[in-house]
Amino acid sequence: MAHYGSFMVIYVGNDYVDKLAELHPSNSDGFWQTLDKLAAESEIVIDRPKGSAHPSYPDFVYPLDYGYLKGTSSSDGGGIDVWRGSGPTGEIDAVMCIVDLMKRDSEIKILVGCTEEEKTILYRVHNEKLFMKGILIRRR
């Protein structure tokens with residue numbers, strides 16, 4: 001762990017991350033509020049329903065509904081990615097931050113209404129390949 005001015009860097013291995021150190025809790029609240037606003041002003045488009053195969057990698061089957069926020073943009077040129085779970089609420093409860101060495105990019109994936117079991121599944125999905133790793137940041 002290292003401190004740089006007003007923020008902290010935490011070095012994490014391949015272990016499951018379920019705690020986030022916050023130096024300024026109000027900054028974290030602002031992030032979630034801003035993300036909520038973006039999602040509320042956007043339509044969630046599910047273009048890959050749970051159980052469907054990936055169009056380019058048919059061996060990969062989507063464990064949850066997967067789509068994007070219409071009218072937004074991400075590093076891959078599409079909308080911001082969304083995983084939608086089976087939980088009772090449609091609230092954003094976490095994000096996955098992904099680094100993909102094969103595509104040489106990074107992006108976030110918003111988790112909406114995901115149960116704890118579904119969050120664990122998504123964490124594993126985004127960490128099972130050597131070229132792709134991610135961390136799960138839970139909303140507090």
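Looking at (1) among the β-branched types (Val, Ile, Thr); (2) buried (at least 16 other Cβ atoms within 10 Å of the Cβ); (3) without any contact (Cβ under 8 Å) to a residue 40 or more places away in the chain; (4) out of contact with any helix residue (DSSP H, G or I) (no Cβ under 8 Å at 6 or more places or on another chain), which is the one condition that is false for Thr72?
Tallying (1) among the β-branched types (Val, Ile, Thr); (2) buried (at least 16 other Cβ atoms within 10 Å of the Cβ); (3) without any contact (Cβ under 8 Å) to a residue 40 or more places away in the chain; (4) out of contact with any helix residue (DSSP H, G or I) (no Cβ under 8 Å at 6 or more places or on another chain), Thr72 fails exactly one: (4).
Of (1) polar (S, T, N, Q); (2) loosely packed, with under 12 Cβ neighbours inside 10 Å; (3) within 20 Å of Val99 (Cα to Cα), Thr34 satisfies all except one. Which?
For Thr34, the exception is condition (3).
Mind checking which residues of region 100-112 are touching a Phe, Trp or Tyr at 6+ places or on another chain (Cβ under 9 Å) and not acidic (Asp, Glu)?
Those that are touching a Phe, Trp or Tyr at 6+ places or on another chain (Cβ under 9 Å) and not acidic (Asp, Glu): Leu101, Met102, Lys103, Lys109, Ile110, Leu111, Val112.
Scan (1) surrounded by fewer than 20 Cβ atoms within 10 Å (Cβ to Cβ); (2) over 11 Å from the mean Cα position of the chain (by Cα) for the single condition Ile92 breaks and write down its number.
(2)
Taking the condition of being closer than 19 Å to Gly85 by Cβ and assigned to a loop (DSSP other than H, G, I, E, B), how many residues in region 48-64 meet it?
Going through region 48-64, the residues closer than 19 Å to Gly85 by Cβ turn out to be 48-52, 54, 60-64.
If we keep only those that are assigned to a loop (DSSP other than H, G, I, E, B) too, we end up with 49-52, 54, 60, 62-64.
Qualifying residue count for the region: 9.
Would you be able to tell me the number of residues in region 34-64 that are farther than 13 Å from Ile110 by Cβ and small (Gly, Ala, Ser)?
4
Return yes when Val45 is assigned to a strand (DSSP E or B) and farther than 17 Å from Leu122 by Cα and no when it is not. Working first, answer last.
Numbers: assigned to a strand (DSSP E or B): yes; farther than 17 Å from Leu122 by Cα: yes.
Taking the combined requirement at face value, the residue satisfies it.
Here, each number is a calculation from the coordinates, and none is a lab measurement. Quick caveat, the model's predicted, so the values are computed rather than measured. Don't worry about glycine lacking a Cβ; one is built from the backbone with ideal geometry, like all the others, and counts go over all protein chains shown.
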